[in-house]
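The values are calculated or read from the model by the stated rules, or taken from the named source; none is laboratory data. Predicted model only: the values in this text are computed from it and were never measured. Using ideal geometry, Cβ is built from the backbone for each residue, glycine included, and neighbour counts are taken over all protein chains shown.
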């Protein structure tokens, strides 16, 4: 059996030292802040550099969802927590059934708020966790690992491939080897301000990528009309007010009318908008949306593409 103390794993870029911050421990506060900000400015460019893989990944997520598959996030530590954060936002923001976006973290629920010793190294746990949710095609697995070397994540991706599922790996390390995946998402942010602290630039890059992947996939799935979140679940006062304003804007009606239409629609924002624009009954509005596969602009009879005056 290999001893990890005497046979270290490959050094990832995320574990390398940053020459720009070597002496940060003896800098004044203003310089410490400046160094952090200077490093963080590089993150957006690193994400922009992987635009093509992002397009492919979004399309795969949309395809999996249309086939009835789930989007399953898999990670350890900060990466796992970022997956949980992204998955938890999809139901209230886009009206996604919570069962359709599942996040698994090495070590389970206790690992959400504290480190669980050895959890990220447990390859068997990844297989158990995926088997526990009956992971199978057409589900899609999104593995998140700043180094790309986390055994828990690599094991999960291997199982996903064995089961014929689509796979994505989000990592910030250009130095593989990585398990075979359908799309490798690899924003290269370089060494961290504090060596190995991947909750910093790597975490920021992963959060940006996850924001983009899930949001773009929801847009392509008809969960957004123009730039309005028309499948929002109005579960609190803020979201109820947002739903009213969305119906006012997209339905072109005053506030009182928007409130009344939402009541008729049982709180379904899309249905209320169709009622505002086309009239009829809530059931007729739902039928129009179903015929348009949930895409509101099609249910309203609007043209494909961007109107010339809006380009």
Which of the residues that make up the stretch 175-225 are touching a strand residue (DSSP E or B) at 6+ places or on another chain (Cβ under 7 Å), in a loop (DSSP other than H, G, I, E, B) and at pLDDT 95 or above? 181, 182
Write out, first by first residue and then by second, each pair whose Cβ atoms fall under 6 Å of each other, whose residues are 6+ apart or on separate chains, and whose first residue, in the stretch 90-102, is on the phi > 0 side of the Ramachandran plot while the second is surrounded by fewer than 21 Cβ atoms within 10 Å (Cβ to Cβ) and not in a strand (DSSP E or B). 95/233
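In the list 138, 179, which residue meets the criterion of being more than 17 Å from the chain's Cα centre (by Cα) and buried (at least 18 other Cβ atoms within 10 Å of the Cβ)? Before you say what the answer is, go through the steps one by one.
Details: 138 fails: buried (at least 18 other Cβ atoms within 10 Å of the Cβ).
Selected residue: 179, the only one of 138, 179 that is more than 17 Å from the chain's Cα centre (by Cα) and buried (at least 18 other Cβ atoms within 10 Å of the Cβ).
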Say whether the condition of being under 30 Å from residue 119 (Cα atoms), assigned by the TED database to the domain that holds residue 161, in contact with a strand residue (DSSP E or B) (Cβ under 9 Å, 6 or more places away or on another chain) and part of a helix (DSSP H, G or I) is met by at least one residue in the stretch 96-103. yes
Any hit, the stretch 42-59, residues being closer than 29 Å to residue 124 by Cβ, in contact with a helix residue (DSSP H, G or I) (Cβ under 7 Å, 6 or more places away or on another chain), surrounded by 18 or more Cβ atoms within 10 Å (Cβ to Cβ) and modelled with pLDDT of 95 or more: yes
Considering the stretch 109-123, residues that are in contact with a helix residue (DSSP H, G or I) (Cβ under 8 Å, 6 or more places away or on another chain) and assigned to a loop (DSSP other than H, G, I, E, B), and then whichever is surrounded by the fewest Cβ atoms within 10 Å (Cβ to Cβ), we arrive at 115
